[in-house]
1. Among the residues of region 277-315, write down those that are more than 16 Å from GLU150 (Cβ to Cβ) and modelled with pLDDT of 85 or more.
2. Does TYR472 satisfy the criteria of being touching a helix residue (DSSP H, G or I) at 6+ places or on another chain (Cβ under 6 Å) and either of a type outside the set (Asp, Glu) or touching a residue at least 12 places away in the same chain (Cβ under 8 Å) (or both)?
3. Is there any pair with a first residue in region 418-432 that is within 10 Å of ASN102 (Cβ to Cβ) and a second that is part of a loop (DSSP other than H, G, I, E, B) whose Cβ atoms are under 6 Å apart and which are 6 or more apart or on different chains, and what are they?
4. Test ALA92 against the criterion of being out of contact with any Ser or Thr (no Cβ under 8 Å at 6 or more places or on another chain) and at pLDDT 70 or above, and give yes or no.
5. So, GLU451, is that one closer than 14 Å to TYR403 by Cβ and surrounded by fewer than 19 Cβ atoms within 10 Å (Cβ to Cβ) or not?
6. Looking at VAL406, is it of a type in the set (A, V, I, L, M, F, W, C), part of a loop (DSSP other than H, G, I, E, B) and within 15 Å of the chain's Cα centre (by Cα)?
7. Residue by residue through region 359-370, note down the ones that are of a type in the set (Phe, Trp, Tyr) and modelled with pLDDT under 85.
8. Give the residues of region 176-191 that are part of a helix (DSSP H, G or I) and open to solvent by less than 50 Å² (accessible area, probe 1.4 Å), sorted by residue number.
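The values are calculated or read from the model by the stated rules, or taken from the named source; none is laboratory data. Everything numeric here is computed off the predicted structure, so don't read it as measured data. All Cβ positions, even for glycine, are placed from backbone atoms using ideal geometry, and neighbour counts span all protein chains on display. Calculation scope for accessible area: heavy atoms of the full protein, side chains included, ligands and nucleic acids excluded. Shrake-Rupley method; radii C 1.70, N 1.55, O 1.52, S 1.80 Å.
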Amino acid sequence: MEVLQQATTLIMLRQVASTLIRPSDLAMAMAGLFLFSCLAHRLTQKGPMHWPLFGVLPTLFLHLGDIYDWATVLLARSGGTFPYHGMWLGGAHGVITSDPANVEYILRTRFTNFPKGRYYRERFADLLGDGIFNADDDAWRTQRRAATSEMHSPRFASYSAASIASLVHGKLLVLLSRLAADGRAADLQDIFLRFTFDNICLAAFGVDPGCLAVDLPEVHFAGAFERATELTLIRFIVPPFVWKPMRRLGLGPERELREAVRVVHEFAEKTVSQRRAEFTSSGNLIDRSDLLSRLVEATEDVDVNGGVGSKKLRFSDKFIKDFCISFILAGRDTSSVALTWFFWLLHGRPDVEARVLDELYSIIENRQDINKTGSFDDVVFTVEELGRMDYLQAALSEALRLYPSVPVDFKEAVEDDVLPDGTPVRKGGRVIYSIYSMARSEGVWGKDCREFRPERWIGERGRFEGESQFKYPVFNAGPRLCVGKKFAYVQMKTLAAAVLLRFKVEVVQGQVVVPKMTTTLYMRNGLLVTFKPRQNNKV
Ligand code: HEM
């Protein structure tokens, strides 16, 4: 991340240098540096080529378009971990790893020495405030406790399952039927993004923004949220000496970011204060099960008199607002991109699709109230039935293994440390772990690691069997394991089962399907598909 910023700086420097130095002298100097670096790289052979003065930047720059695959090759060549550093005096340094033992060390064993860190928090502060996604230490712990107790409560679980099913059956299937009837191609990624945005807002605020309406409208809040996220990510590319003054002066993308953040915060503040007023006037929010209502009602124990006693306090509006915004960011696009890759992989593997369908048919056949007409129109799978979809769970987990929604993540070292494989990490350095590369490592997943093989998740008794969090940190691992993991599987399984049962999703030929190089593994060009209704003659 910081290295990317330095790459931008490098381009600027090159432009300045070309006005001060003759181009031929510059070319000679660059050729000298290149030869020197090649020689040094030949001698060390670990990781990417580092240039004098510029560190890894020029090499990185050549690979911006295929950075995940490039890092995968380098990690394989260097035994799973290599150090990097950015420009001389720039201060960016750290290691990149795909070794599960190192991942376990930073995410669990030495959790307190590897927080998200200031670098991350500073960039997300405007959008996320002190929300769980952007917090460390005590601020994170309080929110984590609240998140786990509210999200894992039976009340929230049944509310979220019902709202997922209602969105899928009441809106998504209606939209797909319309598209199928018109024979129109549509971008599956866009449709799924709309679905997960509405879904996460329902879970967080109990409010449906309506992105999934059949006319696929532009929704102001959703657009602002997306823009705010994209514009925040620019801060990971542009150096701080550029974005910070622009922020202060309200210029360029920073001005647009301020406006998008304002829209998001205004919406969140208004919703929180309306819910607070509703609670104050009626004394409870008994009819509401969304996270916001739970948090408005909840209290936390706070120490008083130096820890001698404690009293119950309500969460502040700011706490709840920040929490809900983080929650929306965390659950907004992760499962939609996972589902898009899943449908794309299925398209290339009719055998896997047939096994998923067989599983669905056999669950329907086992129903007491089986619909003898053979029509699937009314089938809405229950949470218990979703739990019996082992093969679907395996296929989704395998799609996420190959195309993890968060392909690369990182932590910052508070103190000097040494990773289990012997690699030293200096204070302030970053440990970047490539989840994308771990999936493609023969040492981690075996010789067939690049194959889409759901069977690797099925145990001897034919049931789904999970893997170590540290070999598969797709949902993060250790104390910061994704709190939405259960929610995400219910959401993905409900959607995938309902759609596959009713439609054959056909990928339009001739499009280029490649990942976008950003923090979430979007498809760069989306995924154009058509929907063909299935003949329901199986039951
Ligand atoms: C396929 C879907 C999902 C994947 C792959 C996924 C993955 C992740 C990952 C990798 C992290 C760690 C990010 C970091 O700290 O840098 C995370 C954290 C988190 N996720 Fe998810 N997520 C998914 C869906 C969801 C959903 C649907 C929700 C909400 C309902 C959610 C809520 C959260 C929250 C609140 C955190 C922060 C946890 C903490 O820092 O303690 N996630 N998730």
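1. Passing the criteria: ALA277, GLU278, THR280, SER281, SER282, GLY283, ASP287.
2. no
3. From region 418-432, the pairs are ASP421/ASP99; VAL425/ALA413.
4. Details: out of contact with any Ser or Thr (no Cβ under 8 Å at 6 or more places or on another chain): yes; at pLDDT 70 or above: yes.
Considered against the rule, which asks whether it is out of contact with any Ser or Thr (no Cβ under 8 Å at 6 or more places or on another chain) and at pLDDT 70 or above, ALA92 comes out as yes.
5. Yes, satisfied.
6. Criteria met by VAL406.
7. Pass one, region 359-370, residues of a type in the set (Phe, Trp, Tyr): 361.
Within region 359-370, no residue meets the criteria.
8. Going through region 176-191, the residues part of a helix (DSSP H, G or I) turn out to be 176-182, 188-191.
Passing the criteria: LEU176, LEU179, ALA180, LEU188, GLN189, ILE191.
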